[in-house]
Amino acid sequence: MTWRTSQQVEIWPRLRVVDWVETRDTLHMWTQIVGKIRLAHAPMVNHWWQVTFYVTPRGLTTSAIPYRTGAFDIEFDFVDHRLLIRVNNGSRRVLTLEPKPVARFYAETMGALGELGIQTRIHPRPNEVDPAIPFADDYRHASYDPHAARLFWGQLLWASRAFEEFRSRFVGKASPVHVFWGSMDLACTRFSGRPAPPHPPGGVPNLPNRVTREAYSAEMSSCGFWPGGGKEGAFYAYAYPEPAGFADCPVRPAEASYQRESGEFVLPYEAVATAADPDRVLSEFLHCTYEATAELGGWNRAALEADSNLWEHH
């Protein structure tokens, strides 16, 4: 089979936030709707890992969601620009990803589930945004640029490859590489194995305190990619709780900096995309921010990190 060049994903694609912010914000609301459907049916997993999306060769998927005696999944396909709902009995529904208000996307998605015999009730307004317009009333967000959506998926695809490599070097408790629809960011988190102090209430708009308490219930070093916070998005890394001296640690590459308002190190996406070796630059950022957390926080690194000789041989 000949690989179709037109379908190849650009390596570390470029996408200015200002060029797709309306599409980004609409897509954010669409992903919240689908994510809440997964939340309604998936069994609880620590840190809310059961609600996330995963990057696929075509877009983003919920993975299999249990329902009664079977299962279904929902995938955003950013190659053919479709939303696919598939049930284990072979039935399916396909919705077109195109410019449409959130209210219409919400009605179409819930209607398609009903046609498939899947009864679902969700909290019908978004989280982690302000204002939180109810989905059924949201006609403000109605943009969809297919080219921008595809480029964003390409950003997630290449970032997730780097994060998977980074995750493989840790043998302690670690999250999957997944996308949280609340903040619309790709993330991967490592844990020390110790509990964390209760997360202070507030700080995240339209999000119950019980959610953040569970999310930050254990000591962690987290990294991710967010399609905001810079000209082309940004990579980030933070620690919870933040150990003394973390903000003053020298971090590589030189383009990375500590943002005191958000309490995290930030590396502009464009600094990675334009580098001679983007994977090496991002890996350097991920490893040195983790090492700062682990050293200053007194983590048992010998027990938590993989044998480098074994991994290099593999």
Original post:
Within segment 94-108, how many residues turn out to be out of contact with any Ser or Thr (no Cβ under 9 Å at 6 or more places or on another chain) and surrounded by 18 or more Cβ atoms within 10 Å (Cβ to Cβ)?
Top reply: 3
Original post:
If you go through segment 109-116 one residue at a time, do you hit one that is of a type in the set (Val, Ile, Thr), outside the structural domain of ASN46 (by TED's automatic domain parsing) and either touching a Lys or Arg at 6+ places or on another chain (Cβ under 9 Å) or at pLDDT 95 or above (or both)?
Top reply: no
Original post:
Quick check, is GLY230 modelled with pLDDT of 95 or more and not in a strand (DSSP E or B)?
Top reply: no
Original post:
Given the residues THR61, THR2, which is the only one that is of a type in the set (Ser, Thr, Tyr) and modelled with pLDDT of 95 or more?
Top reply: THR61
Original post:
Consider VAL129 against the criteria (1) part of a helix (DSSP H, G or I); (2) in contact with a Pro (Cβ under 7 Å, 6 or more places away or on another chain); (3) surrounded by 19 or more Cβ atoms within 10 Å (Cβ to Cβ): it satisfies all of them except one. Which criterion is unmet?
Top reply: (1)
**OP:** Could you check how many residues of segment 151-206 are more than 27 Å from VAL272 (Cα to Cα), touching a helix residue (DSSP H, G or I) at 6+ places or on another chain (Cβ under 9 Å) and in a loop (DSSP other than H, G, I, E, B)?
**Re:** 9
Original post:
Hey, does segment 248-259 have a residue that's surrounded by fewer than 20 Cβ atoms within 10 Å (Cβ to Cβ), of a type in the set (Phe, Trp, Tyr) and out of contact with any Phe, Trp or Tyr (no Cβ under 6 Å at 6 or more places or on another chain)?
Top reply: no
**OP:** Filter segment 141-155 for residues that are free of Cβ contacts under 8 Å to residues at least 60 places away in the same chain and buried (at least 17 other Cβ atoms within 10 Å of the Cβ) and give the result.
**Re:** none
Original post:
Can you tell me which residues in segment 245-264 are assigned to a loop (DSSP other than H, G, I, E, B) and touching a Gly at 6+ places or on another chain (Cβ under 9 Å)?
Top reply: SER262
**OP:** Give the residues of segment 218-277 that are in contact with a Cys (Cβ under 7 Å, 6 or more places away or on another chain) and of a type in the set (D, E, K, R), sorted by residue number.
**Re:** ARG252
**OP:** Pull up segment 213-227, narrow it to residues that are in a strand (DSSP E or B) and within 18 Å of the chain's Cα centre (by Cα), then point me to the one that is farthest from CYS188 (Cα to Cα).
**Re:** TRP226
Subject >> Close pairs (6 angstrom Cβ cut-off, 6 or more residues apart or separate chains): in the same structural domain as ALA303 (by TED's automatic domain parsing) in segment 164-175, surrounded by fewer than 15 Cβ atoms within 10 Å (Cβ to Cβ) and among the aliphatic types (A, V, I, L, M) anywhere >> reply: ARG169/ALA306; VAL171/ALA306
Subject >> The listed residue being buried (at least 21 other Cβ atoms within 10 Å of the Cβ) and within 30 Å of PRO124 (Cα to Cα), out of GLY233, GLY229 >> reply: GLY233
Original post:
Restricted to segment 48-62, and to residues that are farther than 23 Å from THR120 by Cα and touching a helix residue (DSSP H, G or I) at 6+ places or on another chain (Cβ under 7 Å), which residue is surrounded by the fewest Cβ atoms within 10 Å (Cβ to Cβ)?
Top reply: VAL55
**OP:** Identify all residues within segment 66-82 that are more than 22 Å from TRP153 (Cα to Cα) and buried (at least 18 other Cβ atoms within 10 Å of the Cβ); write none if there are none.
**Re:** TYR67, PHE72
Subject >> Test: residue in segment 67-90 that is of a type in the set (Gly, Ala, Ser), within 18 Å of the chain's Cα centre (by Cα) and not in a strand (DSSP E or B) >> reply: no
Original post:
Which residue out of VAL204, VAL171 is within 18 Å of TRP48 (Cβ to Cβ) and surrounded by fewer than 19 Cβ atoms within 10 Å (Cβ to Cβ)?
Top reply: VAL204
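The values are calculated or read from the model by the stated rules, or taken from the named source; none is laboratory data. Just so it is clear, the model here is predicted, and its values are computed rather than measured. Using ideal geometry, Cβ is built from the backbone for each residue, glycine included, and neighbour counts are taken over all protein chains shown.
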